[in-house]
Every structure is written in C-alpha cells, then in structure tokens.
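These notes are about the structure you will find just below.
The values are calculated or read from the model by the stated rules, or taken from the named source; none is laboratory data. Since the model is a prediction, treat every value here as computed from it, not as a measurement. Cβ placement follows ideal geometry from the backbone for every residue including glycine, while neighbour counts extend to all protein chains displayed. Quick note on the areas: whole protein, heavy atoms, side chains included, nothing else; ligands and nucleic acids left out. Shrake-Rupley method; radii C 1.70, N 1.55, O 1.52, S 1.80 Å.
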Amino acid sequence: MTHDTPHPDTGTVRRQTREGKPGRPRSEPKQHNGLSTREEILRAASQLFGEQGYAKTTTRQIAESVGIKQSTMYYHFADKRAILASLLSSTVTPALECAEWLREQDLEPAVRLCALMAFDLETLLSDRHNLHVVYHLPELEEDDFASTRSAQTALRDVYRDFGHAALASLHPEQVAAELAEDLDLLFALVEASVSQRHWGGEENRAQYARSALRGSLRLLGVAGPAIPDVVARAEEALAGYRAAGDRRPAARRSRGTG
C-alpha cells in the first residue's frame, strides 16, 4: 500500500511505499544533442567500453549512464554483445545504404564513386562513438567482428563495382583493365582514415578526406582540371541523399544497426 506524505522541508508530496520509503522515481533518458534513446545507449556504451573495457562494463552501468532502466535498454538491444555488434557495424552499414541509393541515381560513374567515398570518409572521420578505441579493445575476439567483416567485404565489392564502371567510362578497355589492378587502393585509402582519428583536429581530418578524394580520382585517371568538378557534383549528389533521408523507408534507414 502507498500513501502521500508532505516533505518536512518543502511541503511537497512524495509517494510512500508500504515500508514508508520514497518510491523509486521513473528514469528518464539524458538526451544529448537530440539523440534518440538508442543512440544514447550506443554513446554511453562506447564511452564505458573505452574507459574500463568491454568485459568490465555491465548493462546496468550502461543503462544508468543513459538514465534509463535496464528494461528500457533491453527494448533496444538484447544484450551487451548486441550493443557491441551495433557499434562495430555502424561504420559500414551507413555506407552500404548510401551506395544502394547512389546506384539508383542518374550519375556519371566517377561521380557516383566519389560520392560514396566522400560519404564513407565523413562517417569514419566523425567517429561519433569513438570506434577507433572500441576497435582496439584487447578483450574482443575475432568472432566479435564476424558480421562487421562480412559487411566490409560487401562494401569493398561495391567499391570495386563502382570503380570498374568509372574506369570503363573514362578509358579504353585495355587502359581500364590496367588501372583496375589498383582499384582496391581506393577502399584502402578510406579504411585508413580511421587512424586519423587518433591525432589532429577537425581540420586535419577534413584535409585527409579532401586528399583521399583527389588522390583516388587521380588513380582512376581523371584529368586534374576535371577533379574539382567531379568532387562538386559528388557533394551535390550527397546533398540529395541527405535531403531524401526523411522520405526513405524507416526499415531501410535502420537496417543492420543492431
């Protein structure tokens, strides 16, 4: 049984339990910059994983850090491993979704590839969940990365597909075949951007992204004077992708995120 009693100092009413102790207040998520509860959980988990390790972090600690009950957290994630899987895949699935959209657009092949690279670089360099730390946690085993490795392989194949199309549109068949031998360098340049999160500020990371785009277009054989135009049109395409974000089906936007 519960009853109401006035607080002796303020006169406000508190709900009392049968034992006369105040009832537990309802937990509320502590939102940061308009993040959803799911994003709050990922943010808190990545911070705790980085500070005290994956093994020592409990779901209770994650929930308390966000300001929610564990039952609320389990509505979004089945367990701690599911949170980890979502964190690890969050660097790959956004690029796969962007590539799916870009494939459907009427774009020159080199512009399509450049747009994918620009989006992928932005995702990796922003690193909103401090994944450059999570990726290097000593407790993680190879199995923890299985789904992420599979997604990375799929993304690399998209890079190859877009790259071959770009080369075919730019060069005669023999020249395109020769340049295609180094296509995987494009994907490697983007993946290497994760290390840029370890040093320098935002401008250094932005400079790396610009250099990676220009260097990749040179590897494709795009003429120097044409590179700024390709980059500009790629940015226009990405602006369209972002503008279409609210109109894309929710299932597609959340696919593969945990």
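Could you tell me which numbered condition Ser147 fails, if it satisfies all but one of (1) farther than 29 Å from Ala239 by Cβ; (2) part of a helix (DSSP H, G or I); (3) modelled with pLDDT of 85 or more?
(3)
Within the stretch 54-61, is there a residue that is more than 20 Å from Pro138 (Cβ to Cβ) and open to solvent by 40 Å² or more (accessible area, probe 1.4 Å)?
So far as the stretch 54-61 goes, yes, one or more of its residues are more than 20 Å from Pro138 (Cβ to Cβ) and open to solvent by 40 Å² or more (accessible area, probe 1.4 Å).
Six or more apart or on different chains, Cβ atoms under 8 Å: show the pairs whose first residue is in the stretch 221-244 and without any contact (Cβ under 8 Å) to a residue 24 or more places away in the chain and whose second is surrounded by 15 or more Cβ atoms within 10 Å (Cβ to Cβ) and assigned to a helix (DSSP H, G or I).
Ile227/Arg214; Ile227/Leu217
Which residue out of Ala95, Ala45, Ala63 is closer than 23 Å to Leu125 by Cα and at pLDDT 90 or above?
Ala95
Any idea how many residues of the stretch 211-234 are part of a helix (DSSP H, G or I) and touching a helix residue (DSSP H, G or I) at 6+ places or on another chain (Cβ under 7 Å)?
12
Look at Ala232 and say whether it is out of contact with any Lys or Arg (no Cβ under 7 Å at 6 or more places or on another chain), surrounded by 13 or more Cβ atoms within 10 Å (Cβ to Cβ) and either at pLDDT 95 or above or under 22 Å from Gln152 (Cα atoms) (or both). Talk me through it step by step, then tell me what you get.
Values: out of contact with any Lys or Arg (no Cβ under 7 Å at 6 or more places or on another chain): yes; surrounded by 13 or more Cβ atoms within 10 Å (Cβ to Cβ): no; either at pLDDT 95 or above or under 22 Å from Gln152 (Cα atoms) (or both): yes.
For Ala232, the condition - out of contact with any Lys or Arg (no Cβ under 7 Å at 6 or more places or on another chain), surrounded by 13 or more Cβ atoms within 10 Å (Cβ to Cβ) and either at pLDDT 95 or above or under 22 Å from Gln152 (Cα atoms) (or both) - is not met.
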